Amino acid sequence: MRIDATLMGGLAEAAASAKDLEAAGYDGAWTAETAHDPFLPLVQAAADTDSIELGTSIAVAFARNPMLLANLGWDLQAFSNGRFILGLGSQIKPHITKRFSMEWSSPAARMREMINAVRAIWDTWENGTKLDFRGDFYQHTLMTPFFTPNASDLAGFGVPKIFIAAVGNLMTEVAGETCDGVIVHGFTTERYIREVTIPALEKGREKAGKTMDGFQISGPLFVVTGNNEDEMKQAAQATKQQIAFYGSTPAYRPVLELHGWGEMQEELNRLSKAGDWVKMGEAIDDEILNTFAVVGEPEQIAPELKRRYGDIVDRLGFYAPYKSDPGRWKPVLEELRS
């Protein structure tokens with residue numbers, strides 16, 4: 001199992017953060033598209049590290065087009081000497097149409113086509129094939145030598161791996177069919193991965209004539225821990241708030257429904273529209289918290305993560321939506337590696 005962490009800060013902090021994570025023994029450092037661009041910090045991180053993998057978790061796919069993603073992925077793969085993973089996510093319709101002012105339609109079909117288009121562009125650059133990609137959403141039929149990077153850029157390591165974030169069956173099938181890995185949402189459970197995610201991935205892999213061999217399931221998983229009772233309480237409250245925030249999203253309702261909590265999604269959505277964030281967090285009881293999160297003292301975390309996810313998750317990250325001491329995770333990391 002590979003252990004991943006979030007690359008903290010923006011451009012100014014990226015290099016130091018990546019060096020610290022590499023020195024601590026993490027296998028991967030990932031950026032998210034929140035308040036900053038997810039790609040630029042990875043340039044700094046790649047320049048100041050040697051072995052840690054670097055990825056976007058996630059970059060918003062539909063805010064861009066396949067040619068832009070192909071360029072970004074190619075250049076970061078070359079600059080990092082083969083350590084880049086292109087992690088993409090669809091986001092939800094209001095963000096695509098209202099925040100990014102881009103088109104939204106048939107997200108699973110569009111994502112499948114986007115990934116296939118990126119791979120077609122890479123194939124042209126790497127192998128000299130004619131670019132003639134014609135789809136329902138994207139068409140790429142022009143590529144001249146002036147705009148073609150040197151195939152030697154990627155000599156020895158090839159094009160980047162592509163992961164996509166997925167929750168529902170359709171997008172998860174697309175991940176299995178077209179990608180090298182899937183990023184399960186933090187708003188997930190062991191039961192959901194076993195009963196929903198893995199069967200959908202297997203269906204996608206079978207559709208593409210592939211097995212699950214080499215395919216990676218990556219998960220930033222909720223963890224609640226602390227060095228004393230007050231820290232534990234604060235961590236639990238912050239995590240409940242984050243679970244409630246995700247639970248208010250209609251697209252994530254299937255996770256709640258699997259556990260018999262589907263009706264809660266409507267109430268959380270109503271409270272979110274009213275801006276009543278405190279009540280949202282209060283709606284998450286300890287049973288729900290312990291289902292979504294591994295809760296315990298630092299020495300209890302690694303054994304429970306192994307018990308729940310050791311046979312189903314290939315890459316694991318700690319999703320801790322609260323202020324914490326970085327040293328708190330060192331014994332957890334060491335135990336997971338033992």
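Read-outs throughout are calculated quantities, based only on the coordinates presented, and are distinct from any laboratory measurement. Quick caveat, the model's predicted, so the values are computed rather than measured. Every residue, glycine among them, receives a Cβ derived from its backbone with ideal geometry; neighbour counts consider all protein chains shown.
Quick notes on this one:
- Using a Gaussian network model of the chain in which every pair of alpha carbons under 10 angstrom is joined by a spring, one finds that among Ile183, Ile164, Ile301 the greatest mean-square fluctuation is at Ile301.
- Sum of side-chain charges, Glu190 neighbourhood, beta-carbon under 12 Å (Lys, Arg +1; Asp, Glu -1): +2
- Highest-first packing order for the peptide set 46-56, 9-19 is 46-56, 9-19, based on the mean count of other beta carbon atoms within 10 Å.
- Protection proxy ranking of 145-156, 107-118 - average other beta-carbon atoms within 10 Å, highest first: 107-118, 145-156
- The Rg/Rh ratio of the stretch 161-215, with both radii computed over alpha carbons and Rh defined as the Kirkwood radius, is 0.93.
- P(r) histogram, all alpha-carbon pairs of the stretch 202-338 included - 5 Å bins from 0, percent: 2, 9, 17, 18, 17, 14, 12, 7, 3, 1, 0
- Against the chain, whose longest principal axis is taken from its Cα atoms, helix 66-79 shows a tilt of about 80°.
- Distance (nanometres) between label positions extended 7 Å along Cα→Cβ at Asp285 and Asp180: 4.5
- Overall form of the stretch 17-167 per C-alpha gyration tensor (a/c, 1.5; a/b vs b/c): oblate
- Between 0 and 90°, nearest 10: helix 169-178 axis offset from the chain longest Cα axis: 40
- Look at Arg328, Arg134 and count the other Cβ atoms within 10 Å of each Cβ; fewest to most, that gives Arg134, Arg328.
- For Lys161, the lysines whose Cα falls under 25 Å of its own Cα, not counting residues fewer than eight places away in the same chain, are Lys19, Lys130, Lys203, Lys207, Lys210.
- Ranked for footprinting exposure by Cβ neighbours inside 10 Å, fewest first, Arg315, Arg99 give Arg99, Arg315.
- Based on C-alpha pairs under 8 angstrom that are at least 6 apart in sequence, the stretch 1-84 has a relative contact order of 28 percent.
- Taking the convex hull of Cα positions in the chain, its mean projected area over all directions (nm²): 17.4
- Relative to the longest principal axis of the Cα atoms of the chain, helix 198-207 runs at roughly 10 degrees.
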